[in-house]
Each structure stands twice: as structure tokens, then as C-alpha cells.
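The values are calculated or read from the model by the stated rules, or taken from the named source; none is laboratory data. In this text the structure is predicted, and so the values were computed from the model without any measurement. Here the Cβ positions follow ideal geometry from the backbone for every residue, glycine too, while neighbour counts run over all protein chains shown. The accessibility values were calculated without ligands, DNA or RNA, using every heavy atom of the protein model including side chains. Shrake-Rupley method; radii C 1.70, N 1.55, O 1.52, S 1.80 Å.
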Amino acid sequence: AALFGTGIALAASGHASSAPPQWLTRPAILVHGVAVAYWIGALAPLAVLLRRGEPGIPKIVRRFSDIAVPAVAALAATGAVLAWLQVRHPAALLATAYGRILTAKLVLVVALLALAAINRSRLTPALGRGGAAERRLAASVVAELVLATSILGLVGLWRFTPPPRAFPAESPAERPAVAHLHASQA
């Protein structure tokens, strides 16, 4: 219920929720928000459980990871759709403040995904075999949490800049005609 509530709250507010077409943006934001809340919301508890050496941690981490894979896939798919709807033109990624924030976010997301992939492929299978796997995975999960917090901080900056889709059309064919008449007969 909390995950769904997070998605609903995000889908009801902000730049992306007001982007046309509403039939696409609102459900995309809802799914994006739920996936983010699941992934980021689980990181701190996972780190605590790993540091404590809780019994059953391999099963807990595998269960989280099994759900995280489709959640991250949904996150990536909805993120791509929302980015396209907001930015429209690749040049806007560097030409607008919104696009530069999105570009920085994507760089951090790639780093986060790389770290998560290492956790899933190397560190998670080593759990329960003894050794320092739990400690290494706990440290890696904390690093994921730091990256995720940085991403959320960047996303918060969008509040101060409109998305490129909100700007008037740039091509001469799409611009409205404007004439300034300065003669006394006008």
C-alpha cells in the first residue's frame, strides 16, 4: 500500500504528470515511483540486516533481488518514456537546465545499475558461504544508497526548471508569425 501510495502521489503532481498524453504519463509515473520506492526503500534495511549478520540473509537478499530485476526493468522502461516525453529532442539534454539535470541523473543511474549488477552477479551468490561477503555486500548497498540519494537530490532540482516540452516550438515553420506595426496609420 505504501509503494502504491508513493506512485499515486507522484502521478498526481509535478512536471511529468502534467505532460501529454495523460493516459501514458500518469501510469508511467505511477510505475516509476513504485519501482523507485521498492528499490531505494529496501536498501537501508538490507544494509542493516547484512551488517548484523542476520540468519537467513541469503534468502532475504535473493528474494529482494528477484523482485528488483523486474522492478528495475519497469523503472528503465518508464524512465525512457518519461524522458522522451519531457525532452523530445536529444539536443535538449545539454541545451536546457532540465536536460542537463536529466543527463547528470542518467550518469548516476548507470553507476547505480552497474553497482547493482555486481551485487547481484558476484556478491549475492557468495552469501552464506562464510567469509566477508556480507560485509562487502553491506558496503556496496550503502554505496547504492548514496548514489540513489544523489539521484533523488538531482531530481529535486527539476522543481526549479521547466522541461523542454514546455518551451515554444523552435523551428521557424512552427513559430507564430509576429509583426510590429509602428506607423501612425496602424
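No other residue among ILE118, ILE151 is among the β-branched types (Val, Ile, Thr) and out of contact with any Lys or Arg (no Cβ under 8 Å at 6 or more places or on another chain) apart from ILE118.
Residues checked against (1) within 30 Å of LEU49 (Cβ to Cβ); (2) open to solvent by 40 Å² or more (accessible area, probe 1.4 Å); (3) modelled with pLDDT of 90 or more:
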position: VAL107; (1), (2), (3): yes, yes, yes
position: ALA133; (1), (2), (3): yes, no, no
position: ALA179; (1), (2), (3): no, yes, no
position: GLN185; (1), (2), (3): no, yes, no
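A residue that is touching a Lys or Arg at 6+ places or on another chain (Cβ under 9 Å), in contact (Cβ under 8 Å) with a residue 24 or more places away in the chain and either surrounded by 15 or more Cβ atoms within 10 Å (Cβ to Cβ) or in a loop (DSSP other than H, G, I, E, B) (or both) occurs somewhere in the range 33-51.
Considering each of PRO125, PRO70 in turn, give the residue that is within 15 Å of the chain's Cα centre (by Cα) and surrounded by fewer than 18 Cβ atoms within 10 Å (Cβ to Cβ). Break it down into steps so the answer makes sense when it comes.
Numbers: PRO125 fails: within 15 Å of the chain's Cα centre (by Cα).
PRO70 is the lone residue from the list that is within 15 Å of the chain's Cα centre (by Cα) and surrounded by fewer than 18 Cβ atoms within 10 Å (Cβ to Cβ).
Output the residues belonging to the range 11-32 that are out of contact with any Leu (no Cβ under 6 Å at 6 or more places or on another chain), in a helix (DSSP H, G or I) and either at pLDDT below 85 or of a type in the set (Lys, Arg) (or both). Once the filter is applied, which keeps residues that are out of contact with any Leu (no Cβ under 6 Å at 6 or more places or on another chain), in a helix (DSSP H, G or I) and either at pLDDT below 85 or of a type in the set (Lys, Arg) (or both), the range 11-32 yields GLY14, HIS15, SER17, ARG26.
Any residue at all in the range 151-172 that is within 26 Å of PRO27 (Cβ to Cβ) and over 21 Å from the mean Cα position of the chain (by Cα)? Scanning the range 151-172, I find at least one residue that is within 26 Å of PRO27 (Cβ to Cβ) and over 21 Å from the mean Cα position of the chain (by Cα), so the answer is yes.
Among the residues of the range 75-100, the ones that are within 17 Å of ALA28 (Cβ to Cβ), surrounded by 16 or more Cβ atoms within 10 Å (Cβ to Cβ) and of a type in the set (A, V, I, L, M, F, W, C) come to 6 in all. Filtering the range 6-40 to residues that are of a type outside the set (A, V, I, L, M) and closer than 22 Å to GLY153 by Cβ leaves THR6, GLY7, SER13, GLY14, HIS15, SER17, HIS32, GLY33, TYR38, TRP39.
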